[in-house]
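Report on the following structure.
Nothing in this text is a laboratory measurement; each read-out follows from the coordinates by a stated rule. All of these numbers come straight from a predicted model, not from anything done at the bench. Glycine also receives a Cβ, built like all others from the backbone with ideal geometry; neighbour counts cover every protein chain displayed.
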Amino acid sequence: MSVEKTLCKLKNNNLQVIDKKISEAIDGAAIGEDGVLLPDNKESITKLISNMRKHLIKDISVSVEAEETTLFLIQSSCHSFIKCLKISMKELKDQLEEEFSNSDNITETLNKLPIKPQDELFKRVFGCGRQCPFCKAPCEAGGTEHKQHHAAIHRPQGLGSYRYESSERLVNSLCTTDVHSDRKFKNTDTKGEWHPYKDYNKYYPDWIIPPDPTTEASDYWKYVLVQYNDRFAKIYEVKPAEVPKAWRRLTKEQALKGLRDAFNMK
Ligand SMILES: [Zn+2]
Ligand SMILES: [Zn+2]
């Protein structure tokens, strides 16, 4: 943002919008209900301010107290007051434009915002917070307003604590592979009963897990499973997954390339 002075441009654009609204409110407020310009006396100022408040009600809330204090201080007649108000507006606008172009402290601006862009971005990227019932891959459907969850890349299910009952080893296959197979799973959701992966919909109707016979785990997740196999096993209190020899030969660079390829990052 600092390179292109984007923030300065953004602020200036907003300033123009605000200035236009206030200018229009002043012009609109100077006309009475009868469609004629307010008479040039001190009483008209009360009317003018109250009209302006009505014009700007959606954008600015002016407290009655502030309005009364201001009115108390004004000693001029209505038309010269409008003239002065417009001159002040112009001065303030010039002053702000000057300020915007001289300081471009992005951090300071972000800190002052009532809604933090970084939080909004995080929410978008973080999504709904749900995880694949098998491999714990996070849902990637944007935001929170979606009916079905999905993830582009599923992981070896052992990373989501799935284990083979017979060998007590972490499962190294992907959920996308298993929903294409005739294999079965069981967990607390199935109340310990075996259930075909194919019919995962029965227990997880809000998840879309595309059946895929060809998919192998991405190099990244293979690498993660190889590197942290023992630690996952320890935490899940099972035996480490059996991993093919080829997986063990993967380097960190290959793993990171797998990640970049998967998310189209050059
Ligand atoms: Zn999964
Ligand atoms: Zn979701």
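Numbers for the structure displayed
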| quantity | calculated |
| --- | --- |
| Given charges at Cβ of Lys, Arg, Asp, Glu: the chain dipole, positive-most of 29, 57, 142 | 142 |
| C-alpha long axis of helix 43-56 to longest principal axis of the chain, angle in ° | 20 |
| Leading residue at positive end of dipole, the chain (Cβ point charges), from 264, 170, 78 | 170 |
| Helix axis angle, 219-236 relative to the chain longest principal axis, alpha carbon, degrees | 80 |
| Packing-based ranking, highest mean first, of 107-115, 252-260 given that Cβ atoms within 10 Å are counted | 252-260, 107-115 |
| Cleavage-rule hits (trypsin sites (Lys or Arg not before Pro)) in segment 147-194: DSSP loop, at most 16 neighbouring Cβ within 10 angstrom | 147, 183, 186, 191 |
| Net dipole in debye of the chain [+1 Lys, Arg Cβ; -1 Asp, Glu Cβ; about Cα centre; nearest 20] | 1460 |
| Spin-label model distance (nm) - residue 66 vs residue 14, 7 Å beyond Cα toward Cβ | 1.6 |
| Evaluated over segment 126-262, the Cα radius of gyration and Dmax, each in Å | 14.9, 42 |
| Rg over Rh, two decimals, segment 98-164 (C-alpha only, Kirkwood Rh) | 1.28 |
| Kirkwood hydrodynamic radius (C-alpha pairs) into Stokes-Einstein, segment 1-124, 4 °C and 1.567 mPa s, D in µm²/s | 77 |
| The chain: angle of helix 117-126 to the longest principal axis, Cα-based, in degrees nearest 10 | 30 |
| Rg over Rh, two decimals, the chain (C-alpha only, Kirkwood Rh) | 1.29 |
| Ellipticity estimate at 222 nm from DSSP helix runs (n ≥ 4, -39,500 (n - 2.57)) divided over the chain, nearest 500 | -15000 deg cm²/dmol |
| Given 147/202; 9/112; 5/54; 184/252; 11/112; 11/58, the pairs whose alpha carbons are separated by over 24 Å | 5/54; 184/252 |
